[in-house]
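> A single structure is presented below for examination.
Quick note: the coordinates plus some simple rules give every number you see, no bench work behind them. The model shown is predicted, which means the values in this text are computed figures rather than measured ones. Positions of Cβ are generated from backbone atoms using ideal geometry, with glycine treated the same way; all protein chains shown enter the neighbour counts.
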Amino acid sequence: MGNYPDCNRCPSVNKKLLVCPDDWLEVARSPTVDLDDLLRRLQSVEGDKSAEEALFAKLQSQGACMIVTVVLEEPNDLRMLKILKYLRALFAMKVWSDEVRLVKADENRFFIFAVTAGRALKAAVSMSFLVAEFDAWIGNVCPDIGPLSSPPSLKAGIHGGAILLIEGDCFGDPVNVASKLGEDTAKPKEILVSATSAQNQNDEDMNALRSCYMLKPQKIEISGLILDYFVVDSKLLDKSTSRNGAPSKEEVEKYLADTGKHNSIETAERVILTTDMSGFTRLTKTYGILHFLRLVLSARNIMVPAFQKVGGRRVKYEGDNIIAAFPSVDSAVLCIKSCAEQIAVFNRNREKDFQIRIGYALDVGVVRMCYALDDIIGAAFDCSFQLAEDVAEVGEVLVTERVKLIGWPSIRSSTTLRNKRTLKSGDRYYALSFE
């Protein structure tokens with residue numbers, strides 16, 4: 001994979017792919033992986049499953065994935081971004097270390113890599129204490145935010161195994177299981193650990209924690225699979241673990257000043273594009289994670305330069321989704337048309353399972369964006385994401401009625417809106433076709 005800078009802070013894991021951000025704002029942007037080089041490597045083994053498996057074995061890191069969601073209720077978008085800024089600073093100052101580090105943050109969700117599931121569990125407990133005190137703490141360190149609408153809570157899922165870590169993202173079975181536990185199954189204030197991780201006798205950290213916590217065995221069926229896991233008894237947490245005190249107002253102010261990017265929140269009317277790729281579960285099960293990752297990186301390689309050519313900007317990646325902001329509908333539509341043409345060239349002479357199969361959705365409205373945090377908040381983003389993720393078929397471009405109401409399409413000779421439909425939320429949308 002070429003030459004990569006060494007990272008002496010990460011002795012226990014695969015250094016070629018591990019992200020070691022120097023501060024919480026960088027969110028795993030350290031240039032430890034040349035993604036273009038990685039894409040070339042993936043393309044070189046396209047269609048050869050055994051070669052892909054060998055490559056994955058070479059690239060993977062052994063450890064654990066933990067997905068944490070901090071449940072926050074805040075109707076004001078600008079306040080929410082500020083709250084997230086302080087929440088992430090708090091975790092960076094008190095939780096992240098050489099052995100437990102942030103891979104990416106997506107609004108109130110945190111994707112975390114730990115050298116063992118036991119270390120992840122210890123971190124989850126520390127984070128739960130910090131979140132329990134967050135309401136009072138933020139009122140002291142940032143009085144202009146004031147009290148929160150309601151006290152926040154934390155839920156988490158943990159699973160150990162082989163993980164593929166790249167810049168700002170992670171892939172593999174531990175990520176999928178941690179997501180099912182932490183996002184789909186856990187209730188607020190619950191920490192769930194997969195049964196294999198909780199019972200791993202080789203995990204000294206977990207062995208020590210089992211003597212402190214009462215782990216309640218549970219099981220759940222998800223997508224036809226039975227998942228065994230343990231629930232950490234929250235009643236015992238306060239008695240068995242020392243609290244990691246939150247930093248003072250002065251310490252936080254110094255930390256934010258040192259990072260230098262904490263005020264970069266943009267409020268503007270933008271056209272928001274969300275894309276969604278089809279086939280993750282089936283393709284990954286059939287061909288392995290590297291097969292789908294090759295398609296994801298290929299799509300990014302086509303689309304991100306196309307955004308830039310028309311004045312658009314990638315806001316963030318969310319799994320196989322790409323979220324971008326454009327100054328106008330015309331620029332966004334022209335970009336989609338260009339991307340669709342390039343993807344058609346990529347797909348030519350490839351079997352269906354080896355094609356980029358993607359849907360698009362557009363909405364327009366006022367959004368709050370913080371590029372330094374890879375975050376965006378606003379109704380236009382929420383609607384475009386829902387349309388892309390839940391509605392758009394492969395190759396379909398969906399646009400909301402709000403897009404039409406601002407006077408578009410202005411390029412009437414090249415596009416047509418058809419098939420008016422309505423979401424459960426009441427938002428109306430159309431399918432756009434290029435003539």
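> Projecting each Cα onto the charge dipole of the chain (Lys/Arg +1, Asp/Glu -1 at the beta carbon, about the Cα centre), which of Ile356, Ile289, Ala117 comes out farthest on the positive side?
Ile356
> Taking the 0 to 90 degree range and rounding to the nearest ten, how far is the long axis of helix 49-59 tilted relative to the main principal axis of the chain, both from C-alpha atoms?
On a 0 to 90 degree scale, this one is about 50.
> Something else now. What whole number of Å gives the distance from the Cα centroid of segment 286-336 to the Cα centroid of segment 101-127?
Between the Cα centre of segment 101-127 and that of segment 286-336, the gap is 27 Å.
> Quick one: angle between helix 289-309 and the longest Cα principal axis of the chain, in degrees between 0 and 90, rounded to 10, please.
60
> Which net charge results when you count Lys and Arg as +1 and Asp and Glu as -1 among the other residues whose beta-carbon is under 12 Å from that of Asn419?
On the way: positive: Arg418, Lys420, Arg421, Arg428; negative: Glu393, Glu396.
Neighbourhood net charge equals +2.
> Could you compute the FRET efficiency for Val394 and Lys309, with r as their C-beta to C-beta distance and R0 at 25 Å, rounded to 0.05? Intermediate results must be reported in sequence, preceding the final value.
Details: r = 24 Å, r/R0 = 0.97.
Taking R0 as 25 Å, the efficiency between Val394 and Lys309 is 0.55.
> Anyone know which of Asp353, Asp390, Asp382 comes out most mobile in the 10 Å Cα GNM of the chain?
Of the options given, Asp390 has the highest mean-square fluctuation.
> Right, something else. So between Asp228 and Lys352, what do we pick up on full extension, going 0.36 nm a residue minus the alpha carbon distance?
Numbers: separation 124, 0.36 × 124 = 44.64 nm, distance 3.45 nm.
Gain in length upon complete extension: 41.2 nm.
> Step through the residues of segment 419-430 one at a time and calculate ³J(HN,Hα) from phi using the Karplus curve (6.51 cos²θ - 1.76 cosθ + 1.60, θ = phi - 60°), rounding each to whole Hz and writing x for Gly and Pro.
Result, ordered by residue: 6, 5, 9, 9, 7, 4, 6, x, 5, 9, 8, 10 Hz.
> Per DSSP helix of 4 or more residues, -39500 (n - 2.57); summed, then divided by the residues of the chain. What does that give at 222 nm, rounded to the nearest 500? Don't skip to the answer; put the middle values down first.
On the way: 15 runs with 160 residues, N = 435.
Rounded to the nearest 500, it is -11000 deg cm²/dmol.
> Count the lysine pairs in segment 266-434 whose Cα atoms sit under 18 Å apart, keeping only pairs 8 or more residues apart in sequence or on different chains.
On the way: Lys285/Lys352; Lys309/Lys337; Lys337/Lys404; Lys404/Lys420.
Lysine pairs satisfying the spacing and distance rule in segment 266-434 number 4.
> With springs only between Cα atoms under 10 Å apart, run a GNM on the chain and tell me which of Glu250, Glu183, Glu393 wobbles the most.
Glu250
> Further, regarding this structure: Give me the distance between the Cα centres of segment 36-90 and segment 148-208, rounded to whole Å.
If you average the Cα positions of each part, the centres end up 13 Å apart.
> Within a Cβ distance under 12 Å of Phe111, other residues only, what is the Lys/Arg minus Asp/Glu net charge? Intermediate values should be presented prior to the final figure.
On the way: positive: Arg101, Lys104, Arg109; negative: Asp106, Glu107, Asp169, Glu183, Glu318, Asp374.
Taking every Cβ under 12 Å from that of Phe111, the sum is -3.
> Let me ask another. Positive end of the charge dipole of the chain (Lys, Arg +1 and Asp, Glu -1 on Cβ, about the Cα centre): tell me which of Ile67, Thr415, Pro305 has its Cα farthest that way.
Positive-end residue among those listed: Thr415.
> Related question: Normalised by the residues of the chain, what does the relative contact order come to in percent, with Cα pairs under 8 Å and at least six apart? Spell out each step's value before the answer.
On the way: 827 pairs, mean separation 61.8, N = 435.
Relative contact order comes out at 14 percent.
> In addition: Is there a quick way to get the dipole size of the chain? I mean about its Cα centre, with the Cβ of Lys and Arg at +1 and of Asp and Glu at -1; what is the value in debye to the nearest 20? Let's see the in-between values first.
Working: 54 positive and 58 negative charges, 95 e Å.
It comes to approximately 460 debye.
> Which of the aspartates and glutamates could be linked to Lys122 by a straight reach, that is with a Cα gap under 20 Å, when you skip same-chain ones fewer than 8 residues away?
List returned: Asp98, Glu99, Glu133, Glu183, Glu190, Asp203, Glu204, Asp205, Asp233, Asp238.
> Compute the helix-to-body angle for 329-347: its Cα long axis versus the longest principal axis of the chain, expressed 0 to 90° and rounded to tens.
The angle comes out near 80 degrees.
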